[in-house]
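Reviewing the structure listed below.
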Amino acid sequence: MRQDERAPFAQALRRAREAAYAPGDYVEQESFMRAGEIRTLAERAGIAPGVSVLDLCCGVAGPGRFVTRELGCAYLGVDSSQSAIEIARVGARGLPCRFEVAEVPPLPAGTFDVVLLLETMLAFADKETLLRGISGALAAGGRFAFTLEEGLPLTESDRVRMPDADTVWLTPLEEMCTLLKRVGLVVRWQDDWSRSHREMADSLLDAFAADATAVASQIGRRALDDLLAAHRPWSDWLETGRVRKIAFVAEKPRIGLSTESP
């Protein structure tokens, strides 16, 4: 299966994902975030009717559609996967959502009140270029809401364990804070979600294993084995503290206002 063929993959995993989350917490996300966490982060970022939102690496845009439906906003989702965007467009019928297929960076033209980057910061080896683009895309007073896989870079033994390790670039907390400050963004809120995300990693592992026969019949045994292999290190790392999951809201201050964190 080619990486861009998302529809068969999404369909094969849907039943297991629904089983893994508590009632009401599954909104077609492809991550460890619960619906309550998605809403908390969106509210902390000030998403509301009339607020323009750019959702980077949105995938099938389950969280983006959820936020638009629950809180109201003018939403643009961007992802490099054509098939993921096709799924997102179908799911967003009746919602004020737009979508573009594009690599990030660069960012789409225009300015936005909020930029979202959920569960994907780790995929960018060059985070400073990404953050400069985000800062440039934010209006004065705009907010960048994201999750960070916080930790030291992967070792060689870590990379042996992790399928697609070339898309996993961990960042220490101090380094991320330095980068945000360098591009003119001020952290206004942060929270440690490591425990809940470890629990979700375990729950998803159990659900995928329980539905293994059906999943493998749709995407193949090799793809299922890679999926399980990719989830196991996160469970271990989040449990031991090798990696922490931190949620952030950083602001682009208005001219003349304080640039110091509260």
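Quick notes
- Long-range neighbours under 9 Å by Cβ, at least six apart or interchain, first residue closer than 18 Å to residue 175 by Cα and touching a residue at least 60 places away in the same chain (Cβ under 8 Å) within segment 120-143, second in a helix (DSSP H, G or I) and open to solvent by less than 10 Å² (accessible area, probe 1.4 Å): 135/180
- Some residue of segment 174-184 being within 22 Å of residue 38 (Cβ to Cβ) and in a helix (DSSP H, G or I): yes
- Residue in segment 126-137 that is touching a Ser or Thr at 6+ places or on another chain (Cβ under 7 Å) and modelled with pLDDT of 95 or more present: yes
- Considering the conditions (1) open to solvent by less than 40 Å² (accessible area, probe 1.4 Å); (2) without any contact (Cβ under 8 Å) to a residue 40 or more places away in the chain, residue 52 is excluded by exactly one of them, (2).
- Lone qualifier among 174, 251 - being among the acidic types (Asp, Glu), within 24 Å of residue 130 (Cα to Cα) and open to solvent by 50 Å² or more (accessible area, probe 1.4 Å): 174
- Which listed residue, of 89, 34, 65, 93, is touching a Phe, Trp or Tyr at 6+ places or on another chain (Cβ under 7 Å) and either over 22 Å from residue 227 (Cα atoms) or free of Cβ contacts under 8 Å to residues at least 12 places away in the same chain (or both): 89
Residues checked against (1) assigned to a helix (DSSP H, G or I); (2) modelled with pLDDT of 95 or more; (3) among the acidic types (Asp, Glu):
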site: 2; (1), (2), (3): no, no, no
site: 8; (1), (2), (3): yes, no, no
site: 16; (1), (2), (3): yes, no, no
site: 31; (1), (2), (3): no, no, no
site: 37; (1), (2), (3): yes, yes, yes
site: 60; (1), (2), (3): no, yes, no
site: 67; (1), (2), (3): yes, yes, no
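- Note on segment 135-157: residues that are of a type outside the set (Ser, Thr, Tyr), in a strand (DSSP E or B) and buried (at least 19 other Cβ atoms within 10 Å of the Cβ) amount to 9.
- Any hit, segment 83-97, residues being among the charged types (D, E, K, R), modelled with pLDDT of 95 or more and open to solvent by less than 50 Å² (accessible area, probe 1.4 Å): no
- Of the residues making up segment 103-119, those that are touching a Ser or Thr at 6+ places or on another chain (Cβ under 8 Å), within 17 Å of residue 61 (Cα to Cα) and touching a residue at least 24 places away in the same chain (Cβ under 8 Å) number 5.
- Within segment 223-243, not a single residue is within 21 Å of residue 33 (Cβ to Cβ), among the basic types (Lys, Arg) and crowded, with 18+ Cβ neighbours inside 10 Å.
- Which listed residue is within 28 Å of residue 112 (Cβ to Cβ) and either surrounded by fewer than 20 Cβ atoms within 10 Å (Cβ to Cβ) or of a type in the set (Val, Ile, Thr) (or both), from 220, 184: 184
The values are calculated or read from the model by the stated rules, or taken from the named source; none is laboratory data. Keep in mind that this is a model prediction, so the values were computed, not measured. Using ideal geometry, Cβ is built from the backbone for each residue, glycine included, and neighbour counts are taken over all protein chains shown. Heavy atoms of the whole protein, side chains included, go into the accessibility calculation; ligands, DNA and RNA do not. Shrake-Rupley method; radii C 1.70, N 1.55, O 1.52, S 1.80 Å.
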